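The values are calculated or read from the model by the stated rules, or taken from the named source; none is laboratory data. Small disclaimer: the values here were computed from a predicted structure and weren't measured. All Cβ positions, glycine included, derive from the backbone under ideal geometry; neighbour counts span all protein chains shown.
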Amino acid sequence: MTKTTLYHTPSGALAVHQSAGDGPPIVLVHGNSSSARAFSRQLEGSLGRRRRLVAIDLLGHGRSENASDPAAYLLPGHALALVAIAGNFGLDQALFVGWSLGGHILLEAAKDLPRARGFAIFGAPPVGFPPAMAEAFLPLDELTDDDCDDDQAVPTQTAADIEQQARAGEIESMCGGCLAKYVVRLLDRIATLEA
């Protein structure tokens, strides 16, 4: 059962959704034009029962209020709200996961979250060129998916393989289902590494 709390900031109230789990926390930050509902399977599923998952609705998204100050929609404004939520909900040592815009918010907030267990970012284009992919991703050599509904496999690649493909412009797209499975497996892998 997911519990939702409104967290009030000077720019508006943000909806904070928490899973029933009490294991080490993971904070999930959604992408633009989305909401915490993007993580509903994780919140309500086995990961949410094992871990304390916290997904926020950014201002102007989901069940959060619209921002009273347009500057709150900029990356520094979103990052400020995320850092405040982390402090007020005891999440300063969480693992932070950001998808798309959420990934960019995490990059902006990282300097203000020095005790974070780590950051996992996906669907957020690298900001440097050429992207330093080998420094940005964990190698997941054994990660495969033979059960994909769309007959696409989750890539089995090391960080060096991904970097080489990115430099050559050969990164293939992944269906949404594969991407979601990839992220869930990544979170499970990170949890295993922490143990």
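Of note:
- Consider the stretch 44-61 and keep the residues that are farther than 15 Å from THR9 by Cβ and in contact with a Lys or Arg (Cβ under 9 Å, 6 or more places away or on another chain). The one that is surrounded by the most Cβ atoms within 10 Å (Cβ to Cβ) is ALA55.
- LEU43 of a type in the set (A, V, I, L, M, F, W, C) and touching a helix residue (DSSP H, G or I) at 6+ places or on another chain (Cβ under 7 Å): no
- Looking only at the stretch 73-89, residues that are touching a strand residue (DSSP E or B) at 6+ places or on another chain (Cβ under 8 Å), surrounded by fewer than 21 Cβ atoms within 10 Å (Cβ to Cβ) and of a type in the set (Gly, Ala, Ser) come to 1 in all.
- Residue list for the stretch 13-43, filter: surrounded by 18 or more Cβ atoms within 10 Å (Cβ to Cβ) and either assigned to a strand (DSSP E or B) or aromatic (Phe, Trp, Tyr) (or both): LEU14, ALA15, VAL16, HIS17, GLN18, PRO25, ILE26, VAL27, LEU28, VAL29, PHE39
- Just one of the listed residues (SER11, SER19) is among the polar types (S, T, N, Q) and modelled with pLDDT of 95 or more, and it is SER19.
- Residue match in the stretch 52-68 (condition: farther than 21 Å from PRO25 by Cα, of a type in the set (Asp, Glu), at pLDDT 95 or above and assigned to a loop (DSSP other than H, G, I, E, B)): yes
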